[in-house]
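What follows is calculated from the coordinates using simple rules that are stated; it is not laboratory data. Quick caveat: nothing in here was measured; it's all calculated off a predicted structure. Cβ placement follows ideal geometry from the backbone for every residue including glycine, while neighbour counts extend to all protein chains displayed.
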Amino acid sequence: MLITTLELEKEPLELDHSFPPDAIDYAPDLRQTGPLSVKGRADLLVEHRGPKEFVQDIRLRASYCGPFELQCARCLDPVAEQIGGEFDLIFRPHAADADAAERSITEEETEIGYYDGSGLLLEDVVREQVLLSLPSRTLCQQDCKGLCPHCGQNRNGTDCHCEPALADPRWNALASLSGKLQ
């Protein structure tokens, strides 16, 4: 869905959109399993930079929520997760800040995104926000045993019969210290 400055000049755009699964390409280990609801509003902000110079920024405020499937960090099994959040972002045309000279920016300007052409793709914004809201680590269960490092068997379902790895003899000196410290 393209949000253009031309349509925002007339009035703000109310967003109530549902993205079906596979409409947005996220990442290889993330899959959307149901509709992703996005509700919010897009406004046009006109920034005056001089008597005849102005920049048309797009302010996008919305919330999103939908079902996803992530991979367990230990065993790689799929884990169902409801992902949602809110955002309030400002986007500026790329050409507006494309001067050749270096300049310092304010803290507020670090929060500004950029769009190319005549508008902003809602799919790109939602994709970025979903990826930013992912948990840092997902487990299928708190006591997940993970995969066997030798045969690759999922140790949650069956026990593998691989021999435990032998300790590297170079660590023996440190192993003897651990008994003394306790």
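Numerical summary
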quantity: Binned Cα-Cα distance frequencies in the range 1-48 - 5 Å width, integer %; calculated: 5, 18, 20, 17, 15, 12, 9, 4, 1
quantity: Globularity ratio of the chain, using Cα Rg and 2.2 N^0.38 Å; calculated: 1.57
quantity: Mean Cβ neighbour count within 10 Å, used as a protection proxy, ranking 1-13, 42-54 highest first; calculated: 1-13, 42-54
quantity: Residue-by-residue Karplus 3J(HN,Hα) for the range 153-160, coefficients 6.51, -1.76, 1.60, Hz, glycine and proline x; calculated: 5, 6, 6, 6, x, 9, 8, 8
quantity: Virtual spin-label span in nm between Gln71 and Arg49, 7 Å along Cα→Cβ; calculated: 4.4
quantity: Lysines with Cα under 26 Å of Lys39, excluding same-chain neighbours fewer than 8 positions away; calculated: Lys10
quantity: Angle between the chain longest axis and helix 122-132 axis [Cα atoms, degrees, rounded to 10]; calculated: 30
quantity: Principal-axis tilt of helix 172-181 within the chain, Cα atoms, nearest 10 degrees; calculated: 90
